[in-house]
């Protein structure tokens, strides 16, 4: 390690360690503060253990769910406008814990495997909700697709949310809930119903719930959230300087980068820089490193009256929190907070990606522009176009 600059000595690291260890060493950002070594939970950016992060990790280890599919499915699921009990059922089905007879038997519960609808096949999640003859009749009566090309419920749900309108998605999950309700009536109450009844129940419950939601009155007005974020970039107030920052991870290159653009109150470019660092890291760490670069730049220039904008909500929330996090991300947060205290009239705000396009462009191109300092007249054409577009608003 180069003590004077608090950076890894690449030559020494490459001489002493094999390729695997080099990557692990270089992935650790060096803090300017001397901190004692401590244990922390690696699967959460804060360093604190949570049940949610452990569950996601176990799902990843099992290979039951890819990261991209998980993000899309879970984020979409909880936004579907249907009764919570319906979302809970879909969550159980996606997680593989819906108590079908096959699932119960796998947990050593002494039950038969036969589907209560048809008595011709084992009752699995996919069979009872999608492939049973009774379920197929329900889907046909509902006017939906009855011959599913997927064999797993997870794949069916992903296809539903990626190809259909919100209304059809709502009807689809309601049908699953209504089929399962009918199944429970057969098992527990020995009550059979027709496919038409299942469809009618699904549509009626959804309509009643939506009507109740439209009539709901909440006397407590909650103001817009502190972290709502601007949609478009805007010029700073008079005599203010605005800095936008962003981070990027390059998994294939085992590296990460950051981009920073500084503009005056007229929207004119003062300076734009990019950094590219060898060593794999997580997106949130790349984002907070970008914020640290911006704060360090402000301190070196000795300026004040600055607004720094980032589209990393996690980073902004961490900077405003008094909770000390034991992770590497937490160490970088402390460094940023320390830098902030030494600066005059400098604030950090959250903005949406659409308001951070220039910094995003620089970060994504940091592998090509690393070490470059662009000023007005020397910036690449792509960068100038984005800056002019922001200023024209």
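Side notes on the structure shown:
- Qualifying residue in segment 106-123 (condition: assigned to a helix (DSSP H, G or I) and either within 29 Å of the chain's Cα centre (by Cα) or at pLDDT below 95 (or both)): yes
- Complete set of residues in segment 36-64 that are part of a loop (DSSP other than H, G, I, E, B), surrounded by 12 or more Cβ atoms within 10 Å (Cβ to Cβ) and modelled with pLDDT under 80: 64
- Subset of segment 160-173 that is exposed (fewer than 15 other Cβ atoms within 10 Å of the Cβ) and modelled with pLDDT under 90 - its residue that is nearest to residue 75 (Cα to Cα): 162
- The residues in segment 208-253 that are closer than 30 Å to residue 270 by Cα, out of contact with any helix residue (DSSP H, G or I) (no Cβ under 9 Å at 6 or more places or on another chain) and modelled with pLDDT under 85 can be counted, and the count is 1.
- The set of residues in segment 249-278 being within 22 Å of the chain's Cα centre (by Cα) and buried (at least 16 other Cβ atoms within 10 Å of the Cβ) consists of 249, 250, 254, 255, 256, 257, 258, 259.
- One residue alone among 386, 314 is part of a helix (DSSP H, G or I), farther than 18 Å from residue 261 by Cα and modelled with pLDDT of 90 or more, and that residue is 314.
- Each residue in segment 26-35 was checked for being surrounded by 15 or more Cβ atoms within 10 Å (Cβ to Cβ) and either touching a strand residue (DSSP E or B) at 6+ places or on another chain (Cβ under 7 Å) or at pLDDT 75 or above (or both), and 1 pass.
- Residue-level analysis places residue 107 among those that are free of Cβ contacts under 8 Å to residues at least 40 places away in the same chain and surrounded by fewer than 15 Cβ atoms within 10 Å (Cβ to Cβ).
- Residues being touching a helix residue (DSSP H, G or I) at 6+ places or on another chain (Cβ under 6 Å) and either at pLDDT below 90 or part of a helix (DSSP H, G or I) (or both) - total across segment 131-153: 8
- Verdict on residue 298 being in the same structural domain as residue 273 (by the TED database), under 28 Å from residue 231 (Cβ atoms) and at pLDDT 95 or above: yes
- Qualifying positions in segment 260-276 - free of Cβ contacts under 8 Å to residues at least 60 places away in the same chain and either under 19 Å from residue 312 (Cα atoms) or in contact with a helix residue (DSSP H, G or I) (Cβ under 9 Å, 6 or more places away or on another chain) (or both): 262
- Set side by side, the residues 303, 308, 348 differ, and just one is assigned by the TED database to the domain that holds residue 370, in a strand (DSSP E or B), buried (at least 16 other Cβ atoms within 10 Å of the Cβ) and touching a residue at least 60 places away in the same chain (Cβ under 8 Å), which is 308.
- Scanning segment 284-300 turns up one or more residues that are more than 18 Å from residue 243 (Cβ to Cβ) and either in contact (Cβ under 8 Å) with a residue 24 or more places away in the chain or touching a helix residue (DSSP H, G or I) at 6+ places or on another chain (Cβ under 8 Å) (or both).
The values are calculated or read from the model by the stated rules, or taken from the named source; none is laboratory data. No experiment lies behind these values; they were computed from the predicted model shown. All Cβ positions, glycine included, derive from the backbone under ideal geometry; neighbour counts span all protein chains shown.
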